[in-house]
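Every number in this text was worked out from the coordinates using simple rules, so none of it is lab data. As the structure is a prediction and not an experimental result, all values here were calculated from the model. Here the Cβ is made from the backbone with ideal geometry for all residues, glycine too, and neighbour counts use every protein chain on show.
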Amino acid sequence: MKLLHTAEELGNFRDALQGTVALVPTMGALHDGHIAHLGAARAVAGVDHTLVSVFLNPTQFGPGEDLGRYPRTLAQDLERCAAAGAAAVYAPTVDDVYPPSLPPCPVGPPAVAHDLEGARRPDHFAGVCRVVMKLLQRVRPDVVTFGRKDYQQLCVVQAMIQDLFVPVRIVEVPTVREPDGLAMSSRNRHLDPDARRRASAIHKALRAAAELAARGETDPHAVESAMTDLLHAHGLEADYAVVRHDQSLTRVDALDPARCVALIAAHAVNTDGSRVRLIDNLPLDAATPSARA
Ligand code: PAF
């Protein structure tokens, strides 16, 4: 496996590759959820080579967010990528991705970015769109993987790629969960044991939403209240616990489980008072026999 640090190294490596290529964009601190992307690129899209980018993108973090304490684990990340059969890891510097000599060219995110994470993290999706476009231009992949765990990000990138006619196929990767249901996330390592135990209530609340829908509940407010109550009962602070249309992420008047998704952002507070913000989601038909991933 090659380790590439610069645009030039990446360009030379890419030019020499024969066959199809998948890009797995990450910010590092890799866990099994990331590694599943490499398997999905091969299994779903049959690509010949996978290239993992490991880049902690500063433009998608706002002031006061957790850029400074985001885990940096490049040595372990490289081992995991090599073991998973990656052809290369592109781990550039900030200046390599954002050359100081170039005037910035913001990429405006689509409408689906405006609410939920976009409303709480004002520049987040503009930063995601910009770095994803840069990575796609540099790597020129046939396939790019995005996880369902960051569901709004997946919708945003899908909309951007469609609107800008970017010639790449998105492979959606199902969320990988811990045995108690907690979605794998690089941020989970900031949870102390008590907060870690309580954090599994996020998945419980999402399951409860899907079960209410499966029993015929059609009032979105009833389902949202049930999720919020369950989070609070487990000592979690809900940032939002909502049901939305699964493509536009707009509010719905009545639930159609086949077309709706439940989304949660919640804070788990450690005993030292530090807070860890976690997000997760589940299609509302997840509790019906023909459940989606
Ligand atoms: O999902 C992430 O890890 C990041 O948002 C991404 C897509 C790698 C862009 O920095």
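Note on the stretch 45-159: with charges restricted to the Cβ of Lys and Arg (+1) and Asp and Glu (-1), its dipole about the Cα centre is near 60 debye.
Using the number of other C-beta atoms within 10 angstrom as an exposure proxy, rank ASP95, ASP280, ASP142 with the fewest first. Kindly include the intermediate steps, with their values, before the conclusion.
Values: ASP95 10, ASP280 24, ASP142 19.
Least to most surrounded, the residues fall as ASP95, ASP142, ASP280.
Taking the Cα centre of the chain as origin and assigning +1 to Lys and Arg Cβ atoms and -1 to Asp and Glu Cβ atoms, the resulting dipole is close to 360 debye.
Relative to the longest principal axis of the Cα atoms of the chain, helix 32-45 runs at roughly 70 degrees.
If you look at the Cα atoms of the stretch 86-202, you get an Rg and a Dmax of 16.5, 48 Å. Note on the chain: dipole from Cβ charges, positive end direction compared against VAL252, VAL223, VAL112; the farthest Cα belongs to VAL112. Given the options LEU102, LEU278, LEU230, state which has the largest fluctuation in a GNM of the chain using a 10 Å cut-off (strictly under) for Cα springs. The residue that fluctuates most here is LEU102.
What shape does the stretch 1-63 take by its C-alpha gyration tensor, where a ≥ b ≥ c are the square roots of the eigenvalues and a/c under 1.5 counts as rounded, a/b above b/c as prolate, and the rest as oblate? Cα axes put the stretch 1-63 in the oblate bin.
If R0 equals 45 Å, the separation of the Cβ atoms of ARG259 and TYR98 corresponds to a calculated FRET efficiency of about 0.70.
Could you tally the net charge around ALA83, taking each other residue with its Cβ under 14 Å from the Cβ of ALA83, Lys/Arg +1 and Asp/Glu -1? Walk me through the numbers before you get to the answer.
Working: positive: ARG80; negative: ASP32, ASP77, GLU79.
Neighbourhood net charge equals -2.
Over the alpha-carbon set of the chain, divide Rg by the Kirkwood Rh and report the Rg/Rh ratio to two decimals. Value, to two decimals: 0.96. Angle of helix 201-214 to the longest C-alpha principal axis of the chain, folded into 0 to 90 degrees and rounded to 10: 60°. Using the Cα centre of the stretch 91-226 as origin and beta-carbon charges of +1 (Lys, Arg) and -1 (Asp, Glu), tell me which of PRO92, ALA213, GLN152 is placed farthest towards the positive end of the dipole. Selected residue: PRO92. First check a/c for the stretch 136-269, with a ≥ b ≥ c the square roots of the eigenvalues of its C-alpha gyration tensor; if it is under 1.5, answer rounded, and if not, answer prolate when a/b is larger than b/c or oblate otherwise. Since a/c reaches 1.5 but b/c is at least a/b, the shape of the stretch 136-269 is classed as oblate. The modelled label-to-label distance between ARG189 and PHE165, using points 7 Å beyond Cα along the C-beta direction, is 4.3 nm.
Tally Lys and Arg at +1 and Asp and Glu at -1 over the other residues with C-beta under 12 Å from the C-beta of VAL21: what net charge comes out?
Numbers: positive: ARG14, ARG42, ARG138, ARG140, ARG169; negative: ASP15, ASP48, ASP142.
Net charge around VAL21: +2.
The residues neighbouring ILE279, those whose beta-carbon lies less than 14 Å from its own, together hold a net charge of +1 under the Lys/Arg +1, Asp/Glu -1 convention.
Report, for the chain, the % of DSSP beta bridges that are antiparallel, rounded to 5. For the chain, the DSSP antiparallel bridge percentage is about 50.
For the ranges 281-288, 131-138, 254-261, 3-10, what's the packing order if you count other beta-carbon atoms within 10 Å of each residue, average per peptide, and put the highest first? Intermediate values should be presented prior to the final figure.
Values: 281-288: 22.6, 131-138: 19.6, 254-261: 18.0, 3-10: 15.8.
Order by mean packing, descending: 281-288, 131-138, 254-261, 3-10.
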